[in-house]
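Notes for the one structure printed next.
The values are calculated or read from the model by the stated rules, or taken from the named source; none is laboratory data. Bear in mind that the values here come from a model prediction, so they are computed numbers and not experimental data. Every residue, glycine among them, receives a Cβ derived from its backbone with ideal geometry; neighbour counts consider all protein chains shown.
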Amino acid sequence: MPSVLAYHRPQSLDEAQKLASGKNAVLIGGGTLVIPEVLSNPSSETEIIDLQSVGLTGITSENEGNETSIKIGAMSRLSDLINNENIPHLLRELCSKELPSTLRTQATIGGTIAERSSESILLSGFLAINAEIQIHEKNWIPLNEYLQSSPPTGIVTAIKFFGPSDEFKSCFHSVGRTPMDVPIVSAVGYSKSKGNFQVSFTGVAEVPTLINASDELANLNPQGDFRGSSDYRKHLASVLYTRIAQEMQA
Ligand SMILES: Cc1cc2nc3c(=O)[nH]c(=O)nc-3n(C[C@H](O)[C@H](O)[C@H](O)COP(=O)(O)OP(=O)(O)OC[C@H]3O[C@@H](n4cnc5c(N)ncnc54)[C@H](O)[C@@H]3O)c2cc1C
């Protein structure tokens, strides 16, 4: 049995949206996750909708009041962010830690958002800096809202956030089995102005999770696995939060 019944490469967003509503349709950004999944399931009878000719690339910045808004098209590759000087250092660092270089040239920002992986440190970075995402080039939704609700249907078309202000501070801490391993728990701290900070965690819930105050740590209920039990992950979250608080308040 073939696992792929059809391959479509739509030339516009509307065409892609129409095809995506078909039975067994699967959207492909970079395909790093989808292709292995499709190939490992020979009876899936998938119709692939490849977004590579729809556009949705490019990183632009524009002034909004006295702030700079940076917009990244969903089909931008992770490697595009690393090479772009408008992207804050924190996000470039997270991109380079997220995937090996061969996959970074393939994996897209849209795929990373739509996948909503609990372990994505890049998605966690976007969450920490209050990014917003856009579905089908229409409404902007705070990333936090998107992650906390069930996944909407539709094509993710872009993500945007405000560039660093003068008082901006950020940091990243993580614990993994080895420095090269996907972190068991990681934390991105972000402070827009002195005194206030928030922390976004991976590895403590089904999606990256934002914490605004230390007492919210008690509400975490992580799923344990072979790398760390639920209690261990909660303990790590509390240790990482303390490290970030010290760094942010220094
Ligand atoms: C060897 C390997 C290591 C990996 N390591 C990590 C890791 O350390 N951390 C991590 O978080 N992930 C990891 N991944 C998973 C994966 O590479 C990332 O999630 C990647 O960023 C997905 O991007 P993509 O463009 O390749 O997505 P795709 O595989 O193309 O798609 C992923 C999902 O998003 C949907 N999708 C894609 N684009 C859009 C869009 N524009 N709008 C709506 N839906 C869309 C697809 O239908 C699919 O459900 C790894 C994968 C591999 C193969």
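The set of residues in region 116-140 that are part of a strand (DSSP E or B) and within 13 Å of the ligand (Cβ to nearest atom) comprises I133, Q134, I135.
Is it true that some residue in region 89-96 is within 11 Å of the ligand (Cβ to nearest atom) and touching a strand residue (DSSP E or B) at 6+ places or on another chain (Cβ under 8 Å)? Checked against the condition, which is being within 11 Å of the ligand (Cβ to nearest atom) and touching a strand residue (DSSP E or B) at 6+ places or on another chain (Cβ under 8 Å), region 89-96 yields at least one hit. Selection of region 94-115 for residues being over 20 Å from Y190 (Cα atoms) and in a helix (DSSP H, G or I) yields S101, T102, L103, R104, I109, G110, G111, T112, A114, E115. Residues in region 210-224 include at least one that is under 22 Å from I87 (Cα atoms) and modelled with pLDDT of 95 or more. With the structure loaded, tell me whether L99 is modelled with pLDDT under 95, within 20 Å of V207 (Cα to Cα), near the ligand (Cβ under 8 Å from one of its atoms) and buried (at least 20 other Cβ atoms within 10 Å of the Cβ) or whether it fails that test. Yes. Checking T153, T242 one by one, the residue that is assigned by TED's automatic domain parsing to the domain that holds G73, more than 19 Å from E93 (Cβ to Cβ) and either touching a helix residue (DSSP H, G or I) at 6+ places or on another chain (Cβ under 8 Å) or surrounded by fewer than 20 Cβ atoms within 10 Å (Cβ to Cβ) (or both) is T153 and no other. Against the conditions (1) modelled with pLDDT under 95; (2) over 30 Å from V188 (Cα atoms); (3) touching a strand residue (DSSP E or B) at 6+ places or on another chain (Cβ under 7 Å); (4) not aromatic (F, W, Y), T68 satisfies every one except (2).
In summary, A107 fulfils each of the numbered conditions (1) surrounded by 17 or more Cβ atoms within 10 Å (Cβ to Cβ); (2) within 26 Å of Q223 (Cα to Cα) with the single exception of condition (2).
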